[in-house]
Amino acid sequence: MKKVDMIVKAPHFYTMKGEGVGYKTDVAMIVDGGKIIDFIDSNKVNTEYSAEEVLDLKEHAIFPGFIDGHMHTACNVMRGLAQDTNNWMMFGLQPFDNVVTNVERDAGSEVAIIEAIKAGTTTIGDYEFEMNNVCKFIDKVGARGNITQNIRAATRRVYKTGELYEFDDEQGEKALKKNMELYDKWHNKSDGRIKILFGPQGADFVSPEMLLKIQKIVKEKNTKIHMHVQQGDRETYQIVKRYGKRPTEFLNDLGYLDSSLIAVHLTDCNDDETRIIAKSGASMIVNPASIGIIDGIVCPSVVFQESGGKVALGSDQASGNNCHNIIHEMKNVCVFNKIKYGNPEIMPAWRALRMATIEGAQAVGLGESVGSLEVGKQADFIAIDLNFPSMQPIYTYPMRNIVPNLVYSARGWEVDLSVVNGKIIMQNQKLINVNEDEVLSKIKKYPDGIGKRASKEFFEINGTNSKFMKEGKL
């Protein structure tokens, strides 16, 4: 009998192996040294393996942990302050973003990361200006981090509609230096759980010279560029005014579209531009709820996939989207595309699940290690409690309804257990390595001060939410 670290017993395993969901039943999953080493007939497991920890999950379905490809967790301290408005970045977010301190951002990040883990996310794809403390918190929590340092040369102020951004190249160089320092400090650290990517904010926020400099570094360091690409008509306007080309053509001519690029949003891409990016070898992250709320647009993830590209899901930021919950994004990517195309067969639940797991992992550069439950991969998995009303009743014949129920009905609290690298980080909906109450207590100290500091600019801009406040609608 072989001694191992963990045996996982459950009636349903969704491994995501192959082109579907890789369903298995009547098996146990064996974990040792942080990796999956075997699937064995559940009737034979006790004669072949013994374990330090046996998870006997009789009422559960096991899935790979969810990948949240694109997050701005620091914005969580501004949750709910920038939706329902045109010019979201300038008229919604900017008055608050201009006054928030790094201490306040860190408090927001901690709450966002806890929220995401409690809804099944095991890989945190965070993207911001100050990431060292985020890496520390992810290390403490025990999650996996795909972390990007934001690089921006455009000065941070509220720009008028149609005004070209002002560039401060020294600011851009400082941000790139911070990205390299973060890479040196954290890449492949925490038992390999943390990876560092490079993050020009967008082609409109840095110079072509800076973009190429970043690309050269990324290829030398064998990591990825994680960048907003053609994220709205605002970016398209900026690039056309500066270079006489739309963003996709500009990036293609620059030699920027290749497998080192993770392209976020593609909000303002037409189908032909989407196909060019997909066929280049670049991947995509789609953020259905965020862009739906911010821009009223369904991004072209279906066209990207039909062109052979890999697409991950992201929750983006809680100042516009209002939550970090990949189950929420799975449902939205399905529903929005069904409405967009007038076709209920577009984007079935199983496809959204693949975007949250194996295809998402492939899109963000982690497909060799996570995203599916296969022998040799890291043991990142979650257990869904099927006894919740939102999951009942369960059918297994003539069709299984577990995946549709998860995508269309679940809300996140059905996630009972999360494991990363073979170690439990959440059990019974409680994180193991951090005190959730302390984290939630900390963030409550900040809204009053942020609100007072932002109020003058908020009312001067007179955006939609300012008008709603004056009219007693909020």
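Numerical summary
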| read-out | value |
| --- | --- |
| Sequence ranges 399-411, 327-339, 17-29, ranked by mean other-Cβ count within 10 angstrom, highest first | 327-339, 399-411, 17-29 |
| Helical contribution to [θ] at 222 nm, DSSP H n ≥ 4, -39,500 (n - 2.57), averaged over the chain, rounded to 500 | -11000 deg cm²/dmol |
| Mean shadow area of segment 264-329 over all directions, Cα convex hull, nm² | 4.0 |
| Under the Debye formula (equal points on every Cα, no solvent term), log10 I(q)/I(0) of the chain at q = 0.06, 0.10, 0.14 Å⁻¹ | -0.26, -0.72, -1.39 |
| Reduced Cα scattering model of segment 3-89, Debye log10 I(q)/I(0), q = 0.22 Å⁻¹ | -1.06 |
| Difference of contour (0.36 nm per residue) and Cα-Cα distance, Asn46 to Asn462 | 143.1 nm |
| Equivalent ellipsoid semi-axes - Cα gyration tensor, segment 1-152, angstrom | 41, 17, 12 |
| Linear extension gain, Leu474 paired with Leu254, 0.36 nm per residue minus alpha-carbon span | 74.6 nm |
| Total charge dipole magnitude, the chain, about the Cα centre, Cβ charges on Lys, Arg, Asp, Glu only, Debye to nearest 20 | 260 |
| Length-normalised contact order of segment 386-474 in % [C-alpha pairs under 8 Å, at least 6 apart] | 12 |
| Shape box of segment 329-474 [Cα atoms, principal axes, largest first, Å] | 58, 45, 35 |
| Cβ crowding within 10 Å averaged over residues, with 62-70, 384-392, 222-230 ranked highest first | 62-70, 222-230, 384-392 |
| Evaluated over segment 121-175, the Cα radius of gyration and Dmax, each in Å | 15.2, 44 |
| Length-normalised contact order of the chain in % [C-alpha pairs under 8 Å, at least 6 apart] | 21 |
| Accessible surface ranking that places the most exposed of Glu436, Glu170 first, with a 1.4 angstrom probe | Glu170, Glu436 |
| Global size of segment 406-474 as Cα Rg and Dmax, reported in angstrom | 19.6, 53 |
| Projected area averaged over orientations for segment 1-51, convex hull of C-alpha atoms, nm² | 3.4 |
| Positive-pole candidate from Val434, Asn222, Val375, dipole of the chain, charges at beta carbon | Val434 |
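The values are calculated or read from the model by the stated rules, or taken from the named source; none is laboratory data. Bear in mind the structure is a predicted one, so any value in this text is a computation, not a measurement. Virtual Cβ from ideal backbone geometry, glycine too; neighbours counted across all protein chains shown. These accessible areas exclude ligands, DNA and RNA; they are computed on the full protein's heavy atoms, side chains included. Shrake-Rupley method; radii C 1.70, N 1.55, O 1.52, S 1.80 Å.
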